[in-house]
Structures are given as C-alpha cells and as structure tokens.
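Read through the structure below, which is laid out as structure tokens, and then see the notes.
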Amino acid sequence: MRRPFLLLLFAVSVAAQADCWKPAPSAKSLAFTGDQAGAPFPGEFKAYAGLLCLDAKDPSKDHLQVEVDMKSVSTGLPEMDEALQNEDFFDAGHFPQAKFASDSIKVLGPGRYQVSGKLTLRDVTKDVSVPFSWSPAADGKSARLTAGFTLQRLDYGIGRGQWADTQWVGNPVELKFSINFVPAPQ
C-alpha cells in the first residue's frame, strides 16, 4: 500500500514543480532593434537567467524575475558589441546586469498575461508593463513565452555624450522575446 502513496506523492511534487519555470536561452530569443542613423540596428543578449511562477490556484503568487548579462550583447559586429558595453551605453563594467522584477501578473485570457514590474538598466529603475503569451507544450516539459515592448533608451541613461543625440541613435528600442522555458527544480 505504500507504493501507490509514494507514486501519488511524486506526482503531486512534479505537478507543483511545473508551476515554476526557468528560461533555456537560445539564439535570438532575447532580441532588440534600435535605429542608427535611420537604419534598423538589430542585436541580442545571449546570456540571461530568470524564474517565472504561475499558480493556477492563486494568481497573487505569480511572479517573474529576470537578470540579463549585459556583456553578452551581440550584434554580429565585435567593435559594436564593445562600444555597447562601454560607459556611453550599457557601462557593463559598472552595471553588469539588467534586472526585471514583477510586482504583479494579470491574467488577460487563456495563455495571455500582463506583467508589471520594475526594470533596472544602468542603475536606473522604471516601472514597465508588458503583455505576454504563454504556451506550454502538451507534455508539460517545456513552454514558450512571447512578448515585445518598446523602451526609451535615454530614460535609462543609455547613450551618453554624442550618443544622446537622437539624430544618430534613435531613442526607442524595440525588445522582442521568444523564450523557451523548462520546469524549474524546487
């Protein structure tokens, strides 16, 4: 009689773990597009970590945390990557991580949410709100989060000196996420 109880306990434990997820970074999953002298300027961040927890029974427990390694910026141009890491842009030596911490996650409909929280870049913190879609795989072993929003780089002090002039580098930066998640161990 003990064996079915242990199997039930294991099944409950696995189901509880499925509520929290961690990203599995892949190419172009955390991408951005800016504007340089009127032309689109794409790039991505290759290294990031986070945790998304969605509780179907108690949505007040839902939360999202993300940390992005600013030195992992990649544009396909090594000299541009180096410039983005310097003190005029990300200043990755002093501010190695960008961080997001949710204050709330609101359910908008099946598989659709709105996350609100604090985004910190270069030690500047601003409130942001981002809609996202959440698509778990049928087997429960993975899920995909897709989202996008636009931030104003100058609000975070990104682009100083001559780079603060929006004639050369546009102020809006479009961020797009298409991130695979896997269950997080608990």
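Quick notes on this one:
- Residue list for segment 39-53, filter: under 16 Å from the mean Cα position of the chain (by Cα) and either in a strand (DSSP E or B) or at pLDDT below 95 (or both): Gly43, Glu44, Phe45, Tyr48, Ala49, Gly50, Leu51, Leu52, Cys53
- Annotation note: of Tyr156, Tyr113, the sole residue that is farther than 23 Å from Gln36 by Cα, of a type outside the set (Lys, Arg) and surrounded by 15 or more Cβ atoms within 10 Å (Cβ to Cβ) is Tyr113.
- Filter pass, Asp81 being more than 30 Å from Gln36 (Cβ to Cβ) and outside any strand (DSSP E or B): no
- Across segment 16-65, the qualifying residues are those that are within 18 Å of Gln97 (Cα to Cα), touching a residue at least 40 places away in the same chain (Cβ under 8 Å) and in contact with a Gly (Cβ under 9 Å, 6 or more places away or on another chain), and the one among them that is surrounded by the fewest Cβ atoms within 10 Å (Cβ to Cβ) is Lys22.
- Gly157 vs. criteria of a type in the set (Gly, Ala, Ser), closer than 23 Å to Pro23 by Cα and without any contact (Cβ under 8 Å) to a residue 60 or more places away in the chain: no
The values are calculated or read from the model by the stated rules, or taken from the named source; none is laboratory data. Computed from a predicted structure; not experimentally measured. Cβ coordinates were reconstructed from backbone atoms using ideal geometry, including for glycine residues, and neighbour counts include every protein chain displayed.
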